[in-house]
1. Residues 129, 171, 182, 118: which one is closer than 22 Å to residue 67 by Cβ, touching a strand residue (DSSP E or B) at 6+ places or on another chain (Cβ under 7 Å) and at pLDDT 80 or above?
2. Against the condition surrounded by fewer than 18 Cβ atoms within 10 Å (Cβ to Cβ) and not in a loop (DSSP other than H, G, I, E, B), how does residue 394 come out, does it pass?
3. Which of the residues belonging to the range 65-87 are surrounded by 15 or more Cβ atoms within 10 Å (Cβ to Cβ), at pLDDT below 85 and touching a helix residue (DSSP H, G or I) at 6+ places or on another chain (Cβ under 9 Å)?
4. Answer with yes or no whether residue 352 is assigned to a helix (DSSP H, G or I) and surrounded by 20 or more Cβ atoms within 10 Å (Cβ to Cβ).
5. If I filter the range 398-416 down to residues being at pLDDT below 95, of a type outside the set (Gly, Ala, Ser) and under 21 Å from the mean Cα position of the chain (by Cα), which single residue comes out as surrounded by the most Cβ atoms within 10 Å (Cβ to Cβ)?
6. Quick one: which of 329, 374, 387 is at pLDDT 95 or above and within 30 Å of residue 531 (Cα to Cα)?
7. Restricting to the range 498-546, give me the number of residues that are small (Gly, Ala, Ser) and part of a strand (DSSP E or B).
Amino acid sequence: MSQIIEVTVPDIGDFESVPVIELYVKVGDSIKVDDAICTLESDKATMDVPSTAAGVVTEVLVSLGSKVGEGALLIKVEAGGAAAAPAPAAASAPVASSAPAAAPVAAAPAAAGGGMVEVKVPDIGDFAEVPVIELYVKVGDSIKVDDAIATLESDKATMDVPSTVAGTIKEVLVQIGSKVGEGTVLIKVETGASAPDAAPVAQAAAAPAAAQAAISAPVSASTVTNAPVAVAPGLPAGSKVHASPSVRAYARELGIDLSKVAATGPKNRIVKEDLTKYVKGVMSGAISGPVASATGGVVGGGVLDLLPWPKVNFEKFGEIEVKPLSRIKKISGQNLSRNWVMIPAVTYHEDADITDLEAFRVQLNKENEKSGNKLTMLAFLIKACVKAMQRYPEFNSSLDGDNLVMKKYFNIGFAADTPNGLVVPVIKNAEKKGVFEIAKESGELAKQARDGKLKPADMSGACFTISSLGGIGGTYFAPIVNAPEVAILGVNKSALKPVWDGKQFVPRLTLPLSLTADHRVIDGALATRFNVYVAELLADMRRMIV
């Protein structure tokens with residue numbers, strides 16, 4: 001007996017809408033347990049989703065660019081029985097879960113004698129009102145199957161709607177600016193006896209999937225149709241303006257009202273260069289208006305990206321080698337740029353005397369040598385930070401608009417160096433764990449990070465981060481706050497320093513601490529108190545119990 005099994009997305013932590021960036025299966029494929037179905041990408045890492053069933057893939061319910069979360073249905077697998085027959089060509093394409101399996105796009109054409117056929121908007125996902133920004137046909141035009149009728153624009157992408165019939169256009173029922181949705185009639189076409197037949201059923205069935213993929217996948221500025229649409233100069237604020245999805249998204253990231261950009265008089269359609277001119281005008285004082293919103297994020301450097309990046313032919317100075325950035329560095333680079341630009345951060349330095357603590361750590365490791373339990377300085381740092389966060393709860397908070405979210409749990413992230421870049425695993429509920437348990441868990445997470453096996457859930461939910469360079473060296477540095485956290489502690493290599501004890505200089509092992517805090521939440525006095533208290537706890541861990 002065969003059985004249809006649904007394979008869904010497993011627990012991926014706090015991520016509710018993660019894009020599919022790779023898809024490894026299609027209808028008709030044989031699949032085994034643990035074979036990769038697809039790759040998901042969060043803002044911190046990528047992960048392969050393995051199959052939990054073996055058999056033949058009968059249905060694929062996601063496509064590249066689909067956004068999924070825990071429990072989302074990926075594929076259906078027929079387990080047991082004879083292998084399924086090869087799927088028809090139309091079914092082999094990945095189909096988004098919101099797209100019908102084989103819904104025709106337009107009404108069936110008339111018989112050989114000819115007739116009038118309505119061409120409608122195909123399935124475009126959850127978009128109910130999508131504007132027409134381009135119209136390529138008029139009454140009297142001859143049209144062939146797959147000729148573009150119009151371009152639609154969502155807040156994420158643009159898509160061309162193709163004709164599913166061939167003939168002569170008798171009526172155009174939309175115009176530029178019309179809002180349409182699935183099933184809206186675009187044109188009426190007269191098909192003659194000699195005219196080519198309408199698109200085959202298989203092609204019509206595949207169209208919804210193609211439309212869904214086009215409307216849901218983010219596109220770059222270079223792939224968006226920037227058709228000239230008349231826009232009156234000097235539009236009042238709040239008026240309708242025309243811009244591509246990428247330009248609109250960029251304007252949102254910068255907190256720019258496009259109607260105000262239009263009011264400065266750009267011709268036709270607003271493009272990125274118009275935003276550049278507007279921002280430069282605001283920064284120079286020539287134009288009055290905000291550039292970045294109070295709570296909005298800036299991706300990829302934001303305003304800094306608007307400034308021209310120097311173009312240099314490095315080859316003329318000598319031999320070079322070009323290497324692509326790893327995916328982790330690309331993603332973290334965007335987040336770091338946003339955080340560095342948007343957070344008014346200040347770094348505070350302090351030295352902790354860890355002479356006695358280091359001696360205690362070495363002694364405990366010798367006593368537990370046979371058991372394999374090994375303490376690290378990071379474990380003590382995590383416990384000290386949790387204790388300090390309990391005393392100063394502002395450090396365990398996040399900004400949410402004009403509100404401060406105070407957290408009652410203590411999840412501590414720590415930066416782990418991997419061949420592909422830094423990642424930040426998270427120790428959950430650190431306040432409930434002892435130093436041996438924290439040392440063991442952090443060691444296991446660090447190994448998974450180096451092996452590229454961390455799951456998104458392992459890197460989510462941090463309240464505070466520790467970035468330790470102790471194994472490398474250095475004295476002090478200024479770590480970047482990892483939003484939505486409000487502080488991060490940087491730690492360098494400990495060193496022996498002469499310390500005056502009132503009578504003489506004695507050698508003491510000191511640990512450099514560098515605390516960076518968001519000044520909107522944590523002022524200098526509070527940050528210094530936190531830093532000093534962490535240093536006191538490390539100098540005498542007996543303070544942990546009082």
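The values are calculated or read from the model by the stated rules, or taken from the named source; none is laboratory data. The structure displayed is predicted, hence computed values, not measured ones. Positions of Cβ are backbone-derived with ideal geometry, glycine not excepted, and every protein chain shown enters the neighbour counts.
1. Matching residue, one of 129, 171, 182, 118: 129.
2. Considered against the rule, which asks whether it is surrounded by fewer than 18 Cβ atoms within 10 Å (Cβ to Cβ) and not in a loop (DSSP other than H, G, I, E, B), residue 394 comes out as no.
3. Scanning the range 65-87 gives a single hit, 65.
4. So residue 352 fails the test.
5. Top of the filtered list is 399.
6. When all the criteria are applied, what remains is 387.
7. Within the range 498-546, residues that are small (Gly, Ala, Ser) and part of a strand (DSSP E or B) number 2.
Listed here are the residues, each with its yes/no results for (1) in a helix (DSSP H, G or I); (2) of a type in the set (Asp, Glu).
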site	(1), (2)
365	yes, no
370	no, no
382	yes, no
385	yes, no
404	no, no
408	no, no
422	no, no
431	yes, yes
437	yes, yes
